[in-house]
Ligand SMILES: [Fe+2]
């Protein structure tokens, strides 16, 4: 199967940006909605807890790195934890780009477009990033980790 980035590259040049932006926005948000639930949050459990500990040391260090990546994304974009070639990868992406473009399998991500937080947090992206942990659906993150590894 062709990689998604190659598939975008074979499109006619005048439609590449539109497909990349709209398909990326669709896939990013479709995953994002499943990663949250009311009364979520708390510490991760199961395989994702072990994976975070193995790759980042502990949950607090992971949270700090995730928030830092989200905070440093200039302008609009996303921060994603993904599995790429069997390893955990934390990175931010501009606009509606997705780890899928680079062969990653996204398992946990946050929308850092201003539209995601300005009504409640105005320009305080860091407050939004910190509060977001309270709605994370760790069961779904574990589901996605299982899919990434199968
Ligand atoms: Fe969004």
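Here residue 75 passes the criteria (1) within 13 Å of the chain's Cα centre (by Cα); (2) within 16 Å of the ligand (Cβ to nearest atom) except the one numbered (1).
Within the stretch 21-48, the set of residues being assigned to a helix (DSSP H, G or I), surrounded by fewer than 17 Cβ atoms within 10 Å (Cβ to Cβ) and more than 16 Å from the ligand (Cβ to nearest atom) comprises 46, 47. Pairs are defined by a Cβ separation below 6 Å, a sequence spacing of at least 6 or placement on different chains, a first member in the stretch 19-45 that is free of Cβ contacts under 8 Å to residues at least 12 places away in the same chain, and a second member that is outside any helix (DSSP H, G or I) and more than 12 Å from the ligand (Cβ to nearest atom); the pairs so defined are 19/11. Considering the stretch 101-127, and only residues there that are outside any helix (DSSP H, G or I) and within 16 Å of the ligand (Cβ to nearest atom), the residue that is surrounded by the fewest Cβ atoms within 10 Å (Cβ to Cβ) turns out to be 113.
Per this entry, residue 8 is counted among residues that are more than 16 Å from the ligand (Cβ to nearest atom), in a helix (DSSP H, G or I) and in contact with a helix residue (DSSP H, G or I) (Cβ under 7 Å, 6 or more places away or on another chain).
Values in this text are rule-based calculations from the coordinates and carry no lab data. Keep in mind that this is a model prediction, so the values were computed, not measured. So basically every Cβ, Gly included, is an ideal-geometry build from the backbone, and we count neighbours across all protein chains shown.
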